[in-house]
Amino acid sequence: MSRKTIRVTTDVGGTFTDLVCFETDHATGESHVLTAKSDTTPPNFEQGVLNVIEKAGIMASTIDFLAHGTTVVINALTERKGAKVGLISTEGFRDILEIARGNRPDFFNLNYRKPPPFVPRHLRAELPGRLSYKGEESTPLDMAALPSIIDMFRAEGVQAIAVCFLHSYTNSSHEQAVTAEIRRLWPEVSVVASHQITREWREYERTNTTVLSAYVQPVAERYLSRLRSGLTDRGFSGNLFIMQSNCGVDSVDSTSATPITMVESGPASGFWGAAELGRMIGEPNVLALDIGGTTAKCSLIENGQVRIMTDYWIERDRTSAGYPIMVPVVDLVEIGNGGGSIAWVDEFAKLHVGPKSAGASPGPAAYGRGGTDATTTDANLWLGRINRDYFCGGSVKADMEAAERALEALGAKIGISTTDVARGIIRIANNNMTNALKLISLNRGFDPRDFTLVAFGGGGAMHAVALGMELGVRKVVIPASASVFSAWGMMMSDLRHDYFVTRLMDMAEGAESAIGTLFAEIEAAATERFVQESVPAESIRFIRYVKLRYQNQEHTTEVPIPAEDLAAGHLADILAAFHQTYEREYTYRLDAPVEMVGVHLVASAAVGKLNMKERPSGTPDANGALKGRRQVDYAQDGLHEAAIYNGDRLASGMRFHGPAIVEDSGTTIVIHPGNTVSVDGYGNLHILLVSGEAA
Amino acid sequence: MNDSTGQASHDPITLEIIQNSLQAVADEMFATMRKTAMSSIIYEVLDMGTGILDARGRIASSGAGIPSFVGVLDKAVQVLLAKFPQETIRPGDVFITNDPYYGGVTHLNDLVVAMPVFAEGCLIAWTANIAHNSDVGGMAPGSLSVQATEIFQEGLRLPAIRLIDAGEANESVFAILRCNSRMPNFLEGDLWAAIAAVRIGARRLTELATKYGIETFETAMEGFMTFGEKVTLSTLATLPHGTFELDEEQDDGRVYNVKVTISPNEFVVDLRNNPDQDVGPTNTSRDGAMICAQMMLKALCAPQSPANDGTFRPIRLLTREGSVFHAREPAAIGFYFETEVRVFDLIWRCLAQHMPQRLGAGHFATIGGTFIGGIHPDTGRQYTIIEPQIGGWGGREGHDGNSALFSGFHGETYNCPAEISEARNGLHIGRMALHTGPGGEGQWCGGRGIVIDYGVRQDNSFLTIGYTRSRIMPWSLKEGHEGTGNYALILRCDGTQERHAFISGLRVDKGDVIRIVTGTGGGYGNPALRDRALVARDVKNGLITAEHAQRIYTT
């Protein structure tokens, strides 16, 4: 048959729909990379995907593997463009959705506004029936009122129903009975019950998660089915996978049932890519940093594993409580600092950068589209870090006069020069990002010096070295094609499900077998789901974690345990690992009983991921890639004449030193004085930092 | 700018970066404590605060949490500085106080832990935190009793002492603490969480000061406080100036008085004309009254900007020693929080009449301290619930009040999920709902309080509560209707009912239901002016009956 494998990823963004295609020749193992871009087409987003495939000149019928990432779910939530939802709760608890947790993060503000619930009170119904926290039925479920509730929902124009009962994380029978009855009474309506999404306790978080899943379900179902039929019409017969927030991909059917799992899929693929890259180059401990136009995001990868949690909220910040979504999401910290972030001076003459962004339009002042605000990008241009004659890969002529005007005006407000204000912007932006990186490392007891910083996204490579020096990391790695790194990560993703199940248990004698039984149950369910998706049982890999705490604490520490059944002696090992992890993170340990609150199972199977081929090392002489020299202002590291390299011409084995700049059409890499750079067999740049020069 | 010659190292960007880091460190301390605490009152309710102070004990930055704890830590550290000669304070030391007569400000349950921070051998700052501990001894479980008449009955007093000596824990103090608590494991776990937080904060500050130089670090701290003062003064200039006075009757019949004088550079709160201190535990220290003034000033002046020593410099507080707002040792003080929330609400009400565009109508205005304890019917272990309550907030210009929110004294405070409470405490929670019913109507309505039913599953359990605003209702503004009160109803299994607002150690048995009801906030503006569409929506949502709407909203 074909001697090539064609893998395509598409990613729907706010402005553009991006495509990356890897065409791998079976004989040589070499991959040819092709990228394309077309406009995003709201509200029929699938059209943009079909367009970009066509624009790239790829025949849909030749694609073997298609992975797709989309912001359709998060957009429906933030723009409030979802379905009208009706909620069915346990009797006495319909107001849980509105009561929420009662917190007021903006705590000095007496005019705070609590975020309103997604379902108004008259569409929140109740049914009698109670389960205890042990999963025992104390009051039988009474569905007598259900037909009249359905009638009311129909009359009110409800399009999706969410069902969430107390303690359903431990016994889902009442939810199952009610959803079955709703499907019988009203087959056309979307319906989702909490146990389909999460098996963890906390009724507000679970109820809200179910409601938001119902809210986006009709939109997502419609989108995914149109996308699938559009591709099928064009002859596509390969596997279509949808990127998830847990760094894995999933089938279309599975995603359509609980689309809320896509909510944070955007950043997930990049972080997965960083983990894969780390494994490939023998750097299993990675600080991953993704700097885009509006925000910077970072995540910590320990021992090759991304950290997946279910403590995810949207619209939560210092001024709002936001809304919880209890689904597996890669643990990340996001701040409002990107290339387009606007620098501004407050009424007390303090300089700030972000979180407001100039966006794509008008964009940074240097775009010359009428923007008058100075952004991080303008500062980078002014300081010579970005090449003014090769702005956006030469596609935009940098309007340096506009950039100067914007910076000068800003500097005048605080009485400093244009150059000093540009340096100030870089330093403050770097400081904001350093604090975010500290949150995921130092704050959890990890020493950044034990990690490699992997930076990607449009702006990652510009700031990475300065951040790395600040944090004391020894090495920064800029992946080959850093600007399409997320697409690469998506291509490397496994089919993956994360199961979080609440189960309170003393870590005392006998716990081993109970834990083993619980995992066996979840693994059986996971296997069944994979087999339904035509994944052979023998290719499934499991990773087991237990969530432990000292008795009576609230927050848990996740500890990995062996994948096979636990022998009697294992309990002591697990406890030792818990005490050790706990002490690393919190500086002390206690001689107190330990209890388990729940488990976390990762079930994954590889689905034809890309196998990268390493090229042999050539000459260390990088002069062939040298394209010139220019003055570059390294802020605190001073003004230097830097060697400018053409990124496209750097090859395996080349070495050179900073001060230098590497440019290609999508990325600018800023290399500071004293750094040593080498190019590896995959085209990644390894930048060795000199320690102790950070100040 | 590697060289530290003169001005170069004090460039505004460096100072800004250090100031950002002060905020980040305070937040990191907060996160650490939250994650490691043993008591739900700390990790869930977040009845705690963290802060960074300068070498003189002035607050420079504070972590998230509750506003009423922001102003506590400076007072504690200043007492430590007065008591311990500088040369005896060493790296690795950790101090503790809980006594309002020794810088503790609040009550004995709140342990303040403070650690000096050194760089190059110099004391450059302090890190500190405060958190409510479940039991510190005293006459009643949970240490709080409405029967207390002296502070000695409210637990173990720690009069600003050294807990860890240059890194060596003073085992004697730990032993005394454990021995005096009904819940020694919780106390010890929570205390270590607090110690972990100050240590992490101290480590970060040392790194900062070493990196940028001590002088630059200190300049940045000083500048941050000056900035705080500037922010306050700039808003103070825009407020209505003058002297405003209010008398308000309380649930117990006493009358409280406040006079507030606002000028472009001063915010004077005069509480001298108030009753003598109470024989019971509803007194506050002068420091506690100061915190109320600080919170109200901050609510008026750029509430989202940093709060530090400078922010509060324009305050002048006048109190009379021996009065309920300036208790004299050894007055009992356990329920200080209800007294403080009254002062806070008193100042709020006094000012709202004169600036209704800035301040809304009164809220349910109780901490709602609720203590339920007994033996867990399934595990046989002792449990104690210690939690504040959520309730309705007042309407304000352009907006109905929030429903089901903690009082103005709290902030990043979380209620306990029913699923967790049932598992942990072995109670049966029959409902958790908005409290509907008449009250709080207006052009902009008060938000709703809540109703929670705790079904008791084990004989010989107890209930202690201390709610105010039970008889005197949340106040309205501009012809709105007043809100409703806070109380607990005991539905005995024999069919009888009792209503309580302030009671200690009430016995409850298997089959009894404790029903907690919190108030609707006050209404704002004449109900006749309410948009008809909003009235129709309220009726549809079951927040008000059609008949009642007809009666209230037709003129």
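Nothing in this text is a laboratory measurement; each read-out follows from the coordinates by a stated rule. Note that the structure is predicted; figures quoted are calculated from it, not measured. A quick note on method: Cβ atoms are made from the backbone with ideal geometry, for glycine too, and the neighbour counts reach across all protein chains shown.
List of remarks:
- The distance linking the range B:278-345 with the range B:397-474 is 25 Å (Cα centroid to Cα centroid, whole angstrom).
- Expected 222 nm ellipticity per residue - DSSP helices of 4 or more, -39500 (n - 2.57), all of chain B, to 500: -9500 deg cm²/dmol
- Calculated [θ] (222 nm, deg cm²/dmol) that DSSP helices of n ≥ 4 give over chain A, each run adding -39,500 (n - 2.57): -9500 deg cm²/dmol
- Environment charge of residue A:337, counting only residues whose C-beta is closer than 13 Å and scoring Lys/Arg +1, Asp/Glu -1: +1
- Residue-averaged beta-carbon neighbours from other chains (10 angstrom radius) around B:399-407: 5
- Straight-line cross-link reach from residue A:84 at under 30 Å between alpha-carbon atoms covers these lysines, not counting any fewer than eight positions away in the same chain: A:114, B:540.
- From the alpha carbon centroid of the range B:31-92 to that of the range B:351-393 is 23 Å.
- Of the peptides A:302-309, A:27-34, the ranking by mean beta-carbon count within 10 Å, highest at the top, reads A:302-309, A:27-34.
- Packing rank of B:276-288, A:673-685, where each peptide gets the mean count of other beta carbons within 10 Å, highest leading: B:276-288, A:673-685
- Sparse packing (at most 16 other Cβ atoms within 10 Å of the Cβ) combined with a DSSP loop state is found for the following GluC sites (Glu not before Pro) in the range A:436-531: A:509.
- For the residues of A:548-557, the average number of beta carbons from a partner chain within 10 Å of their own beta carbon is 6.
- For the range A:98-172 versus the range B:181-228, the gap between their alpha-carbon centres in whole angstrom: 42 Å
- Calculated FRET value between residue B:510 and residue B:120, using beta carbons and R₀ = 60 Å, to 0.05: 0.40
- Counting, for every residue in A:420-431, the Cβ atoms of other protein chains within 10 Å of its Cβ and taking the mean gives 3.
- Per-residue Cβ neighbour rank within 10 angstrom, fewest leading, A:191, B:79: A:191, B:79
- Degrees, to the nearest 10: A:418-440 long Cα axis against longest axis of chain A: 30 degrees
- Pairwise Cα distances in chain A exceed 52 Å for 12 percent of all pairs.
- Each peptide in B:175-186, A:594-605, B:360-371 gets a packing score, the mean of other Cβ atoms within 10 Å over its residues, and the list from highest to lowest is B:360-371, A:594-605, B:175-186.
- Inverse of mean 1/r across different Cα pairs in the range A:495-605, Kirkwood, Å: 14.7 Å
- Sequence-distant aspartates and glutamates (8 or more away, or on other chains) whose Cα lies within less than 20 Å of residue A:55: A:11, A:18, A:23, A:39, A:46, A:64, A:233
- Annotation note: trypsin sites (Lys or Arg not before Pro) in the range A:193-239 located in DSSP loop regions with a Cβ neighbour count of at most 15 within 10 Å are A:234.
- Relative contact order %, the range A:618-677, counting alpha carbon pairs below 8 Å whose residues are six or more apart: 31 percent
- Under 18 Å from the Cα of residue A:134 - aspartates and glutamates, other chains or at least 8 residues apart: A:175, A:200, A:203, A:506, A:521, A:595, B:378, B:419, B:422
- Placing +1 on the Cβ of every Lys and Arg and -1 on the Cβ of every Asp and Glu, with nothing else charged, gives the range B:6-227 a dipole about its Cα centre of roughly 240 debye.
- Taking a quarter of the surface of the Cα convex hull of the range B:23-96 gives a mean projected area of 5.3 nm².
- Nearest-0.05 FRET efficiency for residue B:321 and residue B:355, computed from C-beta distance (R0 35 Å): 0.65
- Of the GluC sites (Glu not before Pro) found in the range A:69-139, the ones in coil according to DSSP and having at most 10 other Cβ atoms within 10 Å of their Cβ are A:79.
- Residue pairs, from the table B:230/B:259; A:37/A:609; A:356/A:627, whose Cα atoms sit over 30 Å apart: A:356/A:627
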